[in-house]
Amino acid sequence: GVQIASLGAMVLGFFSLYVIELMGRALDQRYCYDSDLGVFGLVLRTWVCVYFVLCISHTRNAEDSPKRREFLSWFGVAGVVWFTALPAAYFAAQFLDTWHQMRLVVSVGVTFHTLGLVGLVALTWPRNKSEYLTLVAEDVVSGT
């Protein structure tokens, strides 16, 4: 029950981020974060980061394996960097000219999204799965 509700809240949050970013881009073709809707998207992204930290912390504290605890710690740190890179770039860009604002935010966004995806693939690559992931068919069938 609680896990499904938590997953639903996370999916809804990410979908909301996606919709808000699309709406911001449709309303302002110059620079999507240079609007109230764009700033709202960044604030929502920061709140999703807080939720992510709470979930990772709860999962890490419930974990017995030191190797998995270390993995979750590094995953949490990487997630915080990924979630906060765009809002931090937006804040830093406020001290630049408009043209440079967009370049900085877009560059940071693309860079951190790419690095995040590469890191996620590296961590979950089948060669590394035995260190962190011990999911077996019975777990999937039983829902644990």
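For F112, F91, F83, what's the largest-to-smallest order of accessible area, 1.4 Å probe?
Descending accessible area places them as F91, F112, F83.
Sorted by accessible area (1.4 Å probe), largest first, how do Y51, Y33, Y90, Y18 line up?
Y18, Y51, Y90, Y33
Using a 1.4 Å probe, how large is the accessible area of L96, given in Å² and rounded to the nearest 10?
80 Å²
Taking the full set of protein chains and a 1.4 angstrom probe, give the accessible area of S73 in square angstrom, rounded to the nearest 10.
40 Å²
Give me the accessible area of I4, 1.4 Å probe, in Å² rounded to the nearest 10.
Here the residue's solvent-accessible area equals roughly 120 Å².
Counting residues in the stretch 24-119 as N, plug N into 2.2 N^0.38 Å and put the Cα Rg over that result.
In units of the globular-protein estimate, the stretch 24-119 measures up at 1.27.
If you average 1/r over every pair of different alpha-carbon atoms in the stretch 47-103 and take one over that average, what Kirkwood value in Å do you get?
For the stretch 47-103, inverting the mean 1/r across all distinct Cα pairs yields 13.0 Å.
The values are calculated or read from the model by the stated rules, or taken from the named source; none is laboratory data. Model, not experiment: these values are computed from the prediction. For the accessible areas, the whole protein counts, side chains as well, though only heavy atoms, and no ligand, DNA or RNA atoms are used. Shrake-Rupley method; radii C 1.70, N 1.55, O 1.52, S 1.80 Å.
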